[in-house]
Amino acid sequence: MGRQKKKRSSKNLRITTRISLATIFGIVIPVVIVFIFSSIFLTSITKYFNFSAVSTTSYSMLNQIQWSQTVSSLSKELISNESRAEKINKIDSYVTPLEALGIKLYIDCDGELFYSTEEKDVVMREAQEILTNDFSRNINYFSENGMLIVTHANSGSESYLLLIESKNYTVHDVSDSQLPQSFSSLVFSKTGLIILLIALVFIASTTVLSIITSRTISKPIKKLADGANEIARGNLNHTIDYDSTNEIGQTVSAFNAMSKRLKHSIEEKNRIEQSRKEMIAGVAHDLRTPLTSAKGYVEGLLDGIANTPEKQERYLKTIYSSTIAMERMLDDLLTISRLELGSIELNKKTVELCEVLDDCAEELSLELEKNGFDFIYENKAEPPVYVELDIDRFMRVIHNIIANSVKYTKKEEKGRIELTVTGYQKSVILSISDNGIGIEPENLSRIFEPMYRADRARTKVTDGSGIGLAVCKQIIELHNGQIWANGAVGEGLTVYISLNKTTATDREGTNG
Ligand code: ADP
């Protein structure tokens, strides 16, 4: 079967392509919309004001604006509260520059002559020649045969007619060749240019921004992908270098934490695997000793070497103790593997720990003192101390630890074992210390591993399997407690157990 072809779907689009496409659409869509709307808007304005109707080469919007300012200033003057003489004075100041351009002005007030630059008849005739019209309406007229402005201004009681005309008025600010064909095309060309400029600036700035954005996103993502590939290749020491608190930074640090944990768990797995191998080797070695011994004595019996009943009994006793040792070892192995597999259920009950330990200490004291040990029991906890315990299994832990203290004692010194209980607010700590041979501080945590023995060569004759403390650890952890040790070579060993306190209300307890 050939390699499956990757589907061409939008899901597979590269991030940079996605950002570029989003940017292009982000630019094109608003530009098109603005263009359509401004075209519609401009078309409707020119239609509404009928600008194209005033289309002549002499038309100038600038003139229109200038004139509307002049006419409005004159109208304001006429309807002001000033005296007639003052008004005429002001109008004179406007008229002087206009007369120089050949422009004539006529003003009447309620049909009576108010001001005129020439004979009324001359002005009126010329005005009629420029545009035959009735002057009762306002007029703004600019064409090749002249210009004519008629404005009516009312101030309450008085009504003024203002007429400005010039037969030889020419557009002097914009030359004919520069003028567009029509006002609408002028508006369109100018607006179009502005829109084009804005669009260009907009496109340029958005493109630059999108390139920067896409780089800031795609670069760290590429780093992340490279990092993932490194880890996939098995390089668990690889860390991705990206210092930021943003979403990508958070992903990168989560990724680094993940690879660190992965590395740690692989190391842990390797370590456990190694200790398993050591355990198998240890079990094989430890089983071999009693097995060889039993085999030798059985052969001795078969060959008739044990020829007296005393000898035969001694041989049989040795064979029996060898099988007992093997049985105990296999028992320990079975217990640890069942504990590790979680197939052992504890029978936990809420008990008062001081009561339990007081009874236990009494028994221990008798037994230890019988064997030549000093036993000191000190309970510093304020009773009652309630804890959830599977008493049988907990007692096995205590006996295991004390059996070790007995086993690893110094020959030259009288053995001393102390059991101390200290109460804390939420927990209680038991410590069992001895004055035995102790252990190297660097191996303190290893004594809780299955099959670990300080006597690595297993040369010293001890009846230990190296599983006892591993069983203790599993049991204490099933009680949600902790176990650890402290000590040094020649200075004895102290094993600590911490348990969580509980309340007396759940005294009935549950199976755990
Ligand atoms: P073992 O059956 O070998 O005693 P354990 O699991 O009980 O197995 O203990 C593991 C190892 O820890 C022992 O082999 C011994 O080296 C060390 N150890 C345990 N208890 C003591 C102690 N009280 N003093 C010195 N060493 C100890």
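Here are some notes:
- Taking residues in segment 471-494 that are closer than 14 Å to Ile398 by Cβ and more than 10 Å from the ligand (Cβ to nearest atom), and partners anywhere that are charged (D, E, K, R) and open to solvent by 40 Å² or more (accessible area, probe 1.4 Å), the pairs with Cβ atoms closer than 6 Å and at least 6 places apart or on different chains are Ile475/Arg393; Ile483/Lys473.
- Those residues of segment 78-120 which are part of a loop (DSSP other than H, G, I, E, B) and open to solvent by less than 60 Å² (accessible area, probe 1.4 Å), in sequence order: Ser80, Ser83, Gly102, Ile103, Gly111, Thr117
- Of residues in segment 399-415 being within 12 Å of Thr494 (Cβ to Cβ) and in contact with a strand residue (DSSP E or B) (Cβ under 7 Å, 6 or more places away or on another chain), the one farthest from the ligand (Cβ to nearest atom): Ile401
- Among the candidates Glu278, Glu247, Glu313, residue that is under 47 Å from the mean Cα position of the chain (by Cα), surrounded by 11 or more Cβ atoms within 10 Å (Cβ to Cβ) and either among the charged types (D, E, K, R) or under 30 Å from Leu224 (Cα atoms) (or both): Glu278
- Here Asn404 fulfils each of the conditions (1) modelled with pLDDT under 95; (2) surrounded by 20 or more Cβ atoms within 10 Å (Cβ to Cβ); (3) touching a helix residue (DSSP H, G or I) at 6+ places or on another chain (Cβ under 6 Å) apart from (3).
- In the set Lys263, Lys269, only one residue is surrounded by fewer than 11 Cβ atoms within 10 Å (Cβ to Cβ), under 54 Å from the mean Cα position of the chain (by Cα) and assigned to a helix (DSSP H, G or I); that residue is Lys269.
- The C-beta contact set for segment 435-451 (first residue closer than 14 Å to Gly468 by Cβ, second residue surrounded by fewer than 20 Cβ atoms within 10 Å (Cβ to Cβ) and of a type in the set (Asp, Glu), distance under 8 angstrom, 6+ apart or interchain) comprises Met451/Glu278.
- Residue in segment 407-417 that is free of Cβ contacts under 8 Å to residues at least 24 places away in the same chain and in a helix (DSSP H, G or I) present: no
- Residues located in segment 331-368, provided they are at pLDDT below 90 and open to solvent by 20 Å² or more (accessible area, probe 1.4 Å): Asp331, Asp332, Leu333, Leu334, Thr335, Ser337, Arg338, Glu340, Leu341, Gly342, Ser343, Glu345
- Residue tally, condition open to solvent by less than 50 Å² (accessible area, probe 1.4 Å) and at pLDDT below 75, over segment 187-201: 3
- The number of residues in segment 286-307 that are outside any helix (DSSP H, G or I), on the phi < 0 side of the Ramachandran plot and either open to solvent by less than 50 Å² (accessible area, probe 1.4 Å) or in contact (Cβ under 8 Å) with a residue 40 or more places away in the chain (or both) comes to 1.
- A single entry from Gly438, Gly466 fulfils the requirement of being under 29 Å from Ser321 (Cα atoms), open to solvent by 20 Å² or more (accessible area, probe 1.4 Å), within 15 Å of the ligand (Cβ to nearest atom) and within 53 Å of the chain's Cα centre (by Cα): Gly438.
- Which listed residue is within 16 Å of the ligand (Cβ to nearest atom) and touching a residue at least 24 places away in the same chain (Cβ under 8 Å), from Ile319, Ile266, Ile336: Ile336
- Being within 16 Å of the ligand (Cβ to nearest atom), among the charged types (D, E, K, R), closer than 30 Å to Met279 by Cβ and in contact with a Phe, Trp or Tyr (Cβ under 6 Å, 6 or more places away or on another chain) holds for only one residue in Arg393, Arg446, Arg453, and it is Arg446.
The values are calculated or read from the model by the stated rules, or taken from the named source; none is laboratory data. If you're wondering where the values come from, they're calculated on a predicted model, not measured in any experiment. Quick reminder, even Gly has a Cβ in these numbers, built from the backbone with ideal geometry, and neighbours come from all protein chains shown. To get the accessible areas, we keep the full protein, side chains included, count just its heavy atoms, and leave off ligands, DNA and RNA. Shrake-Rupley method; radii C 1.70, N 1.55, O 1.52, S 1.80 Å.
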